[in-house]
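Accompanying notes for the structure given below.
The values are calculated or read from the model by the stated rules, or taken from the named source; none is laboratory data. Every value quoted in this text rests on a predicted model; they were computed, and no experiment measured them. Quick reminder, even Gly has a Cβ in these numbers, built from the backbone with ideal geometry, and neighbours come from all protein chains shown. These area figures cover heavy atoms from the full protein model, side chains too; ligands, DNA and RNA do not enter into them. Shrake-Rupley method; radii C 1.70, N 1.55, O 1.52, S 1.80 Å.
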Amino acid sequence: MTTSTGTKKKTTWQRIKSMGPGAIVTAAVVGPGTVTTCGLSGYGFGYALAWALIFSVIAMVIMQFMTSKIGIVGEMGLADAVHKVFAKNPFRGPLFLLLIVAIFCGNCAYQAGNVVGASVGLGIVFGPYRTLFCIIISGSALALVLSGNIKYIANVLTGLVFLMAVVFLITAIIVGVDVKALLHGMFVPSIPSGSLLNAIGLIGTTLVPYCLYLHASTTASEKAVDKEEALIDAKYDSVTNAILTAIISVSIMVVGFSLFQRGETVKGVADLALGLEPLAGTAAKAIFAIGIFAAGISSATTAPLAATYVITGILGWSTDLKDKRFRAITTVVFILGCVVAIMGGTPTNIITIAQAINGVALPLSVCLVVYVANDVGVLGSYKNTAILNVEGLAVVVITLFMAYRTFMVYAPKMVQMIG
């Protein structure tokens, strides 16, 4: 069977092999913050919150389908589309400023956490050389982005995603898992006492605002000729990578719960790896440390890239990776993230700041995706269907609730940290 352009339709395996934008998003999503949140949730509440991971990956697929249409049909990134749709809106100035500040500051905080997390992974294996590791990680990720080849970047990140999936899954198998209890936690929602913020954290570390901009822009960069075929590819891409995200996140939760069952002390990301040694040997510790490193460096590559897409798109500048202004902004985010990481900011404080900013940026970004996906000027006949709008509005409501709870918890902590 052939498409309208006369090209032969791809097989399922061919579509999976051609993954790109979805893998970039998964690489961005699964960072040290995700490892920490999933591990601590498993440690504190077992498999009870696994449903939150399932919801978050479903919500991620819904949002990615909309951003895919913006990129493929609209042939622009989400930030570019926002710039176009709100070009004549009297409130565009405050909206654009809020968006730029929230995404830029949030991504700098995420970037610092990514670099610190990746250095922790290396430190577990090679020793505590934080400053050196931070410089090497930041420099390597920057060099990859400055290569200016989005396809090459996607291939490298796809490899890291599969590495994480294999590493974390193997570790979960080594420590053992109660499959029946896990399935119950995945499909029977419950919120044990004191677990609400953990549930919100699991959703918030998977449905990350900057990834929406990153996905639309990387999809648009592929410049599809056959849009119908490209949209089908995008569905396979998003669903496949959502499954990988779920596998990785659930595996980390399994490890955290296993450490609790065996009486290990877990307070942060490093404890997850170190706690494995007395239980499953040095090899298990090293394997998990590799996963932490892969999570950190993959996210460290994507966070500055996403921030730059937002800033250049909103300002109406070129989003070409080889453009001078694009490269300059990307480099600034890399440098700021590396400096904060080296200066000794603890992963907990960095994640606290990132989560607080995420509480503002996420509902705003989700609302913008739904709004733009209904704009005829951008998508024409491909604008959202009624069913997709219902699904999108459900995600909006959940993220608004998350924003409220996040603000109530993290705002006082930020004031205390600043004071």
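Whole angstrom only: what separates the Cα centroid of region 200-244 from the Cα centroid of region 60-109?
If we compute the Cα centre of each part, the gap is 14 Å.
Starting from the Kirkwood Rh over alpha-carbon pairs, what translational D in µm² s⁻¹ does region 242-291 have by Stokes-Einstein at 37 °C and 0.692 mPa s?
Numbers: Rh = 11.1 Å.
Using the Kirkwood radius from Cα pairs, D works out to 296 µm²/s.
What trypsin sites (Lys or Arg not before Pro) in region 43-115 are in a loop by DSSP, with at most 16 other Cβ atoms within 10 Å of the Cβ?
On the way: sites: 69, 84, 88, 92; in loops: 88.
Sites meeting the loop and neighbour criteria: 88.
Residue 180 to residue 89: extension gain in nm, 0.36 nm per residue of separation minus the Cα-Cα distance?
On the way: separation 91, 0.36 × 91 = 32.76 nm, distance 5.29 nm.
Going from the current span to full extension adds 27.5 nm.
Once neighbouring chains are kept in place and the probe is 1.4 Å, which whole percent of the accessible area of the chain is contributed by carbon and sulfur? Before the final figure, lay out each step's value.
Values: 11750 of 17040 Å².
Result for the chain: 69 percent of the exposed heavy-atom area is carbon or sulfur.
Go ahead and estimate [θ] at 222 nm for the chain from helices alone: -39,500 (n - 2.57) per DSSP H run with n ≥ 4, summed, over the residue count, rounded to 500.
On the way: 19 runs with 329 residues, N = 419.
-26500 deg cm²/dmol, from helical runs alone.
Enter the Cα centre distance for the pair region 261-318 and region 36-56, rounded to the nearest angstrom.
Spelled out, the Cα-based centre of one part sits 16 Å from the other.
Given N residues in region 283-329, what is its alpha carbon radius of gyration divided by 2.2 N^0.38 Å? Write out the running numbers ahead of the final one.
Working: Rg = 15.6 Å, N = 47, 2.2 N^0.38 = 9.5 Å.
Cα Rg divided by the expected 2.2 N^0.38 Å: 1.64.
What ranking, highest mean first, results for peptides 324-335, 113-124, 143-154 when packing means the other Cβ atoms within 10 Å averaged over each residue? Could the numbers behind the result be given before it?
On the way: 324-335: 17.6, 113-124: 27.6, 143-154: 15.8.
Final packing ranking: 113-124, 324-335, 143-154.
Testing the spin-label approximation: label points 7 Å from Cα along Cα→Cβ at residue 404 and residue 101. State their distance in nm.
The answer from the label model is 2.4 nm.
Cα axis of helix 324-342 to longest principal axis of the chain: angle in degrees, 0 to 90, nearest 10?
Orientation of helix 324-342: about 20 degrees from the principal axis.
What is the packing order of peptides 243-250, 102-109, 380-387, taking the mean over residues of other C-beta atoms within 10 Å and listing the highest first?
Numbers: 243-250: 22.8, 102-109: 24.5, 380-387: 12.2.
With the highest mean Cβ count within 10 Å placed first, the list reads 102-109, 243-250, 380-387.
On average over all directions, what projected area in square nanometres does region 100-161 have, based on the convex hull of its Cα atoms?
Working: hull surface 20.3 nm².
With every direction weighted equally, the projected area is 5.1 nm².
How big, in percent, is the set of alpha carbon pairs in the chain lying more than 32 Å apart?
On the way: 26914 of 87571 pairs.
That tail contains 31 percent of the Cα-Cα pairs.
Probe of 1.4 angstrom, ligands and nucleic acids ignored: what's the accessible area per residue over the chain, in square angstrom?
Result: 41 Å² per residue.
Quote the relative contact order of region 11-170 in percent (integer), defining contacts as alpha-carbon pairs under 8 Å separated by 6+ residues. The partial results should precede the final answer.
Working: 55 pairs, mean separation 61.9, N = 160.
Here the relative contact order equals 39 percent.
Return an integer: the convex hull volume of the alpha-carbon atoms of region 96-242, in Å³ per residue.
Details: hull volume 28.9 nm³, N = 147.
It comes to 197 Å³ per residue, whole-number rounded.
Magnitude of the Cβ-charge dipole of the chain, K/R +1 and D/E -1, about the Cα centre, nearest 20 debye?
Details: 25 positive and 16 negative charges, 80 e Å.
Computed charge dipole of the chain: roughly 380 debye.
Step by step: find N for region 7-165, compute 2.2 N^0.38 Å, then divide the Cα radius of gyration by it. What's the final number? Before the final figure, lay out the partial values.
On the way: Rg = 18.8 Å, N = 159, 2.2 N^0.38 = 15.1 Å.
That works out to 1.25 for region 7-165.
If the chain between residue 190 and residue 228 were fully stretched, how many nm would it gain, using 0.36 nm times the residue separation less the Cα-Cα distance? Before the final figure, lay out each step's value.
Details: separation 38, 0.36 × 38 = 13.68 nm, distance 3.96 nm.
Net length gain for the segment: 9.7 nm.
Can you give the net charge of the other residues whose Cβ lies under 15 Å from the Cβ of residue 198, counting K and R as +1 and D and E as -1?
Working: positive: 267, 405; negative: none.
Computed value for this residue: +2.
Just to verify a number: FRET efficiency for residue 152 and residue 331, C-beta to C-beta distance, R0 = 22 Å, to 0.05?
Values: r = 18 Å, r/R0 = 0.83.
Calculated value: 0.75.
Working out 0.36 nm times the residue gap between residue 367 and residue 385, then minus their Cα-Cα distance, what length gain in nm do you get to one decimal?
On the way: separation 18, 0.36 × 18 = 6.48 nm, distance 1.59 nm.
Gain on stretching residue 367 to residue 385: 4.9 nm.
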